[in-house]
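S.K.: I have a structure I would like to understand better, so I am pasting it below and will then ask my questions one at a time.
None of the figures in this text is laboratory data; all of them are computed from the coordinates on show. None of the values given here were measured: they were computed from a predicted structure.
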Amino acid sequence: MTSLIQRAAVLTGTVLATTALTVTAAAAAGPPMPDFRGKALMDVFQTVDYRTRVDLRDVSGFNRNILWPLNWKVCTQSPAPGVELTGQSLDIGVVKKTETCPKAAPKPTPKPTPS
């Protein structure tokens, strides 16, 4: 009888541990990254979790400090829209609201191999 109770306890413990791991994995996978491109920078701060690190950079080429988020709009973002947020920091490229986003830099062409 004691052996039967021990087996039941081990089985129950295993089920509980498996359930806990499943819940932890589900909690670790966050919501998908929204598409912020073209939107106000303030939307980023209002949407993402307050514990998420947000790195900002001026992509206009002037390398200005971003002091007042209401004056800026998003041009680039990383991770890409749709990618699950799992605690990584966000990299947001911005310009002033009155400016246009710069065109993406062209991809470098591969150098020909010498023959």
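S.K.: Name the residues whose placed amide hydrogens come within less than 5 Å of the amide hydrogen of residue 77, ignoring near sequence neighbours (fewer than 5 apart) on the same chain.
M.R.: 93
S.K.: Karplus couplings for segment 62-69 from phi (6.51 cos²θ - 1.76 cosθ + 1.60, θ = phi - 60°), rounded to Hz, Gly and Pro as x?
M.R.: 8, 6, 7, 7, 9, 9, 10, x
S.K.: Can I ask one more? 5 Å is the cut-off here: which amide hydrogens, built 1.01 Å from N in the peptide plane, fall below it relative to residue 90, excluding neighbours closer than 5 in sequence?
M.R.: Under 5 Å from the amide H of residue 90 lie the amide H atoms of 53, 54, 55, each far enough along the sequence or on another chain.
S.K.: Turning to a different aspect of this structure: What ³J(HN,Hα) values, in whole Hz, does the Karplus curve 6.51 cos²θ - 1.76 cosθ + 1.60 give for segment 84-90 when θ = phi - 60°, with x put for Gly and Pro?
M.R.: 5, 8, 10, x, 6, 7, 9
S.K.: Just to check I understand the Karplus step: with θ = phi - 60° and J = 6.51 cos²θ - 1.76 cosθ + 1.60, what whole-Hz values come out for segment 37-42, glycine and proline as x?
M.R.: Once rounded to whole Hz, the list reads 4, x, 9, 5, 4, 4.
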